[in-house]
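The values are calculated or read from the model by the stated rules, or taken from the named source; none is laboratory data. Keep in mind that this is a model prediction, so the values were computed, not measured. When we count neighbours, we look across all protein chains shown, and the Cβ atoms used for this are built from the backbone with ideal geometry, even at glycine. In case anyone asks, the SASA skips ligands and DNA or RNA and just uses the protein heavy atoms, side chains included. Shrake-Rupley method; radii C 1.70, N 1.55, O 1.52, S 1.80 Å.
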Amino acid sequence: MSLAAPPKSIVERLADLEEDEVLALVRRRLADGDDALRIIEDCNAGMRQVGQRYEQGQYFLSGLIMAGEIFREVMELMQPVLAGRVLLGTVQGDIHDIGKDMVGLLLTCYGFTVIDLGVDVAPEVFVEQVTLHKPDVVGLSGVLTASHAVMRETVGLLRARARDAGLTFPIVIGGGMIDDQICRFVGADYWVADAMSGVHLCQRLTAGAA
């Protein structure tokens, strides 16, 4: 008598573009208390297989688009159990985004919800978006020396809005010229020199261990 095949994993289901089955497995694993990061890692593995099949000519562009849509739906299911909400942006007058984008990507991989405001973001926009999204952490990025004064202005406005609205969030700054002295000048709570340090800091902050 032949044995029944073992049930397919999320990795296999996503690689096969089985949308309903993937979402059902995610819901089941969340209900069972499975670690959110482990679920995301499995979905990332499935996405890598989709990419490989595309490169091998097994999938066409429509397959990539469908896989992306499945992953988006998975992330929507994961929102209530993700690690925390981080709002990021490069301050006004600076259009550098590589470091910010890397931090955002890594934070997403580690289970954070990331609100990326983009580059050249005015202080008033940071304040508006903080009020709207109520993040757990705010990250300001700036590579240019001229960005430091804008960071200072932005931090001042964010502190004022936090007091007025009863919000609490640490402010982290990052960029090529950032150090302790700049952090004190700007008035931020923390500074980071690289993307992975930013992720680890956000993990500590949202766990209350910083």
Return a whole-number percent for the relative contact order of segment 20-157, with Cα pairs under 8 Å and 6 or more residues apart as the contact set. 25
Area accessible to solvent at K8, 1.4 Å probe radius, in Å²: 70
Computed magnitude of the charge dipole of the chain (debye, nearest 20; Cβ of K, R +1, Cβ of D, E -1): 480
Kirkwood radius from Cα pairs of segment 27-89 plugged into Stokes-Einstein at 10 °C, 1.306 mPa s, gives D in µm²/s equal to 121
The answer for the net charge of residues other than A165 whose Cβ lies under 12 angstrom from its Cβ, with Lys and Arg +1 and Asp and Glu -1, is +2
By its C-alpha gyration tensor, with a ≥ b ≥ c as the square roots of the eigenvalues, how is segment 87-167 shaped: rounded for a/c under 1.5, else prolate for a/b larger than b/c, else oblate? oblate
Helix-only estimate, please: 222 nm mean residue ellipticity of the chain, summing -39500 (n - 2.57) across DSSP H runs of length 4 or more and dividing by its residues, to the nearest 500. -18000 deg cm²/dmol
Select one label from (1) 169; (2) 148; (3) 129: the one whose number is volume of the Cα convex hull per residue in Å³ as derived from the coordinates shown. (2)
In what sequence, highest mean first, do 170-180, 153-163 appear when ranked by Cβ atoms within 10 angstrom? 170-180, 153-163
Segment 89-149 to segment 23-72: how many Å between their Cα centroids? 27
